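> To start, I am sharing the structure in question, which I have written as structure tokens.
The values are calculated or read from the model by the stated rules, or taken from the named source; none is laboratory data. Computed from a prediction, not measured in an experiment: that's the story for all the values here. Here Cβ is always computed from backbone atoms with ideal geometry, including for glycine, and neighbour counts include all displayed protein chains.
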Amino acid sequence: MKIKKNDIVKMLAGKDRGKTGKVLSVFSEEGKVVVENLNIVKKHNRPKREGEKGQRVEVPRRITVSNVMLVCPKCGKTTRVGYEKSGNGKMRICKKCKSEV
């Protein structure tokens, strides 16, 4: 998967289209990511004990990787990710400005 934790991504589809956020976690076997402050849904929690109140909690849900795109930290544009081999292994590069991501 070309998107990693702590990358800045932009939403391409859904109710938060056009917004950007930081990737909190990646689920590579499912092809999904969780992005900070995007795809927020309300989850209803039941009361645990008698006399306690239930509540609605807002939590970010998983998004398919195809619905987000990496934002290059150098040029600030949304871009695809490429790979380049160097002496110490391969590194991710921005396809637009050719800088390391």
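> Can you report the number of residues in the stretch 47-77 which are in contact (Cβ under 8 Å) with a residue 60 or more places away in the chain and more than 14 Å from the chain's Cα centre (by Cα)?
Qualifying residue count, the stretch 47-77: 1.
> If you take the residues in the stretch 49-101 that are over 20 Å from K2 (Cα atoms) and assigned to a loop (DSSP other than H, G, I, E, B), which one is modelled with the lowest pLDDT?
Of everything passing the filter in the stretch 49-101, G87 is modelled with the lowest pLDDT.
> Moving on to the next point. Among the residues of the stretch 1-35, how many are buried (at least 17 other Cβ atoms within 10 Å of the Cβ) and charged (D, E, K, R)?
Selection size over the stretch 1-35: 4.
> Quick check on my filter: what residues within the stretch 18-46 are of a type in the set (S, T, Y), touching a Lys or Arg at 6+ places or on another chain (Cβ under 9 Å) and free of Cβ contacts under 8 Å to residues at least 40 places away in the same chain? Working first, answer last.
Going through the stretch 18-46, the residues of a type in the set (S, T, Y) turn out to be 20, 25, 28.
Those left that are additionally touching a Lys or Arg at 6+ places or on another chain (Cβ under 9 Å): 20, 25.
Within the stretch 18-46, just S25 meets the criteria.
> Continuing with the same structure: Within the stretch 78-95, take every residue that is within 17 Å of I8 (Cβ to Cβ) and surrounded by fewer than 15 Cβ atoms within 10 Å (Cβ to Cβ) and give me the one that is farthest from the chain's Cα centre (by Cα).
K95
> With (1) under 15 Å from the mean Cα position of the chain (by Cα); (2) surrounded by 14 or more Cβ atoms within 10 Å (Cβ to Cβ); (3) in a strand (DSSP E or B) as the list, and L38 as the residue in question, which single condition is left unmet?
The number of the failed condition is (3).
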